[in-house]
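What follows is a single structure, written as structure tokens, with notes after it.
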Amino acid sequence: MNQDDALRSDIHRALDPITGSTPDLMPAIGQRLRPVSRRRPLLAIGQVAAVLGIGLVVGGVIFATHRARVTPTTVTTSPTAPIVAGPGANIAWVTSQQASGGAYTGDLITGIDPSGHVVGRINARDELRSPDGSHLYALVDGGLDVFSAVDGHKEQSFHLQPVTYGLPMLSADGHYFAVAGNSPSSLQLVDLSTGQSVASTNVGLPAFGVPVILGEQAQHVYVVGPTIAKFAFDGTTLRLEQSTTGHTLSCDGLVVGGANSAGGLPFRVLADGRTLVAFCPGDGRVTWFDLVTMKVTHEVVVGQSNPFWVSPVFSPNGNTLYLHEGGTGALHVVDLVHQTIVTSTKVATVDSNPLAWLGSLLVTPAYAGGIDRTAAVSPDGAWLYAIGDFGARGGVSLVHLPDVSVKGRWLPDVSFNSVWVSADGRTIYLLGNGDELRVLRADGSQVTKLSLPANTFGFIVPTIP
């Protein structure tokens, strides 16, 4: 390796931990100044000048950074009016992937209450949580298991036809459960109040897709994949009513399942009961789809630095979509009723390394395949909690809504990768690197810090389609 390449390599190594101590950059560069031949004095002078130039930049940036550093403030985000949560709704359930011989075998789900105690563990896969947060659902071979969110004990088991690669979904009121399978394609609908599978079909289905249930009596079930199929349910049978042709939505449907939806769903049916809004993490596209006319009515595109960097979070009333990019701290606010991007700003970049641009000259980062939930909205809709990602420090930015102003930060020297808020808004759960969980009160004080099983990747939060 020649001296120029060695110098670039050391700069890269010094910048690689983007959140590392910036002053460490200088020793790594300085060590490259080895004695040179008398016949190459200009090279030596050039090296010295380059190092001095970088030193001036580093010193200036460090000085500016420390002057601009935000002092953590005591900010309380507790709801102004008490929120009464249902049984188990304040307990965080966290998923850890399990493997045997290098192959995925399922998930170990751990429940942690607001005091930081582990209340139960569940072995499952393909998990969902009820809209009120009181139950957990998991597909098993030939059935559906129902668990209490209070302590994880199994309450019921329902029989289902065996499915391959099933994609499950709940109705918005938690009354019905549907699962779409493939190889061969199938759709099954379960009435959770009676525990009975009430209807099934294998006619007219997309090759794969996510079921979306509409109506108090599940009058319609849509299977959303590369195409969209609309089924009418009369209480006993499912009948194909309409379907689209060609690729209808970005991402060939709805991106759910596993790490792609840990912490929430990237789609929502609006209050009008006829508009499906879906976010595609692959290209940053937000699509409005009319479930009556079966046509796309509008689209907007949000810029993102990389696919799967943006975490989609809906407001409690479902009228606003917050798109937070953990890698940069960018936040886009989308008004779903008026179909427009109303605000684009940055909320979580104060403590990012100011010399990241120099590292980007040497390597371009790329992350894809799963969405870390780097934002969460309080149940009263008054606060958004935003965190960095990919090891970036900065703690938790406290963004006041709807003015989207940062009012303070908690734990500014700590890095996190996922956040969730309890149903009563008084407990904030934070997943960090190394399978570590912190439990905070709504004033930012820490209740506890505990270690979780290996390969922990996200929260199972209420499913609200």
Inset, instruction - Keeping the other protein chains in place, figure out the carbon and sulfur percent of the accessible area of segment 275-421, with a 1.4 Å probe. - result: 53 percent
Inset, instruction - Take the alpha carbon gyration tensor of segment 167-326, find the square roots of its eigenvalues, order them as a ≥ b ≥ c, and report rounded if a/c is under 1.5; if not, report prolate when a/b exceeds b/c, else oblate. - result: prolate
Inset, instruction - Could you provide, to the nearest whole Å², the per residue accessible area of segment 275-421 with probe 1.4 Å? - result: 36 Å²
Legend entry - Solvent-accessible area per residue for segment 96-139 (1.4 angstrom probe, square angstrom): 43 Å²
Legend entry - Isotropic mean projected area of the C-alpha convex hull, segment 275-421 (nm²): 9.1 nm²
Inset, instruction - Report, to the nearest whole %, how much of the accessible area of segment 138-268 belongs to carbon and sulfur atoms, 1.4 Å probe, protein only. - result: 49 percent
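The values are calculated or read from the model by the stated rules, or taken from the named source; none is laboratory data. Keep in mind that what you see is a predicted model, and the values were worked out from it rather than measured. To get the accessible areas, we keep the full protein, side chains included, count just its heavy atoms, and leave off ligands, DNA and RNA. Shrake-Rupley method; radii C 1.70, N 1.55, O 1.52, S 1.80 Å.
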